[in-house]
Amino acid sequence: MYNQALELIKKYDTIIIHRHTSPDGDAIGSQVGLKHVILANFPNKTVYIVGDLTKRYAFVEDWEPNEIDDQTYNGALAIVLDSGAPHLVSDERYTLAEATLRFDHHLFVEKFCDVEIVDTSFESCCGLIAHFAKHCNLTMDSIGAKALYTGMVTDSGRFRYESTNGDTMRLAGMLMDMGINTEWLFANLYLQDFDSFKFESFVHENMKRSPNGVVHIHIDDEIQQKFGLTLEQASEAVSFMNSIKGSLCWLAFINCPDGTIRVRLRSRFMEINALAEKYGGGGHQCTAGATLTDANDIAKMVADADEMVADYKNTHEGWL
């Protein structure tokens, strides 16, 4: 399948790279990384990156999306990254392109591009792109290497998640050899403003726990205004609840400006993606997301999660 992807990239002079909405480090990193892999090997091509704007990863060089018109898609190749379903893709105009290609590491839901490389064995889409480049003997510049490394770090939980394996570390090492300043990178990723610790303290004081150990919190409009949070900052609440013994699942419900509620789901040992899919989302086995349109569904989702945890604890040993 890599050969098919490479032939498509070789064929088209104009390439437009998409990724999912509300991008994380893996979405931004894979987008910038692939752009620079292409340009390093085919400098005469025109490569655009598109999608909704986010400032969270503005430290990633060349991260800012391009503004292009519909005509740009005529006779072009559109590449979709890190997206498990068509409704998750930021900017639906990828369908206007002459040909489409997808790289993804989420659980397969449906085929929506002409050529698809979907491999769930990778911890990140960035890892998949790095492997594609290595397998096809493609070079990359330092900008691409730093972007891909950023996505590998963030989507693997700093190389702690179960999806991390030996290949992850070997590919990360290959990228590091290109001169990545990891101290600077980790400072940009994980250092927090002083006021953000007040929000973290609020989460710890106000999170709730279901009978079987599902930890959850709803970050509504009032809370976001109180702490002056962006949507990305509010969504970090899920990471503040990940170290509670006996809790195999934790959920953060975040009010969005459009009236929907973004749900970030995380789990330990047990699979959580089925719950996300039930509520119109998806993702990985232990890391997933969904979107609710009715606040009444929060209690229903927590109840469903509690039932899943109870079943897991009753049928498995060795959980903490």
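The values are calculated or read from the model by the stated rules, or taken from the named source; none is laboratory data. Remember, it's a predicted structure, so these values are computed and weren't measured experimentally. Methodologically, a virtual Cβ is constructed for each residue, glycine included, from the backbone with ideal geometry; neighbour enumeration extends over all protein chains shown. Surface accessibility is based on the protein's heavy atoms, side chains included, excluding ligands, DNA and RNA. Shrake-Rupley method; radii C 1.70, N 1.55, O 1.52, S 1.80 Å.
When restricted to residues that are closer than 22 Å to Ile38 by Cα and either buried (at least 23 other Cβ atoms within 10 Å of the Cβ) or in contact with a strand residue (DSSP E or B) (Cβ under 7 Å, 6 or more places away or on another chain) (or both), the range 154-168 contains 0.
Could you list all residues from the range 253-281 that are touching a helix residue (DSSP H, G or I) at 6+ places or on another chain (Cβ under 8 Å), open to solvent by less than 20 Å² (accessible area, probe 1.4 Å), within 25 Å of Phe122 (Cβ to Cβ) and not in a loop (DSSP other than H, G, I, E, B)? Hits for the range 253-281 are Val263, Leu265, Leu275. When the range 83-107 is filtered for residues that are over 20 Å from the mean Cα position of the chain (by Cα) and either basic (Lys, Arg) or modelled with pLDDT under 95 (or both), only Arg93 remains. Given the options Glu222, Glu307, Glu277, Glu271, name the one that is at pLDDT 90 or above, of a type in the set (Asp, Glu) and within 18 Å of Glu162 (Cβ to Cβ). The conditions single out Glu271. The residue list Leu189, Leu171, Leu128 contains one member that is at pLDDT below 95 and open to solvent by less than 50 Å² (accessible area, probe 1.4 Å), which is Leu189. For the range 16-40: of the residues being among the charged types (D, E, K, R) and open to solvent by 10 Å² or more (accessible area, probe 1.4 Å), which is farthest from the chain's Cα centre (by Cα)? Within the range 16-40, the match that is farthest from the chain's Cα centre (by Cα) is Lys35. Of all residues in the range 1-60, exactly one satisfies the criterion of being of a type outside the set (A, V, I, L, M, F, W, C), outside any helix (DSSP H, G or I) and without any contact (Cβ under 8 Å) to a residue 24 or more places away in the chain, namely Pro43. What about Val80, is it more than 23 Å from Ile143 (Cβ to Cβ), of a type in the set (Val, Ile, Thr), at pLDDT 95 or above and buried (at least 21 other Cβ atoms within 10 Å of the Cβ)? Spelling it out, it is not the case that Val80 is more than 23 Å from Ile143 (Cβ to Cβ), of a type in the set (Val, Ile, Thr), at pLDDT 95 or above and buried (at least 21 other Cβ atoms within 10 Å of the Cβ).
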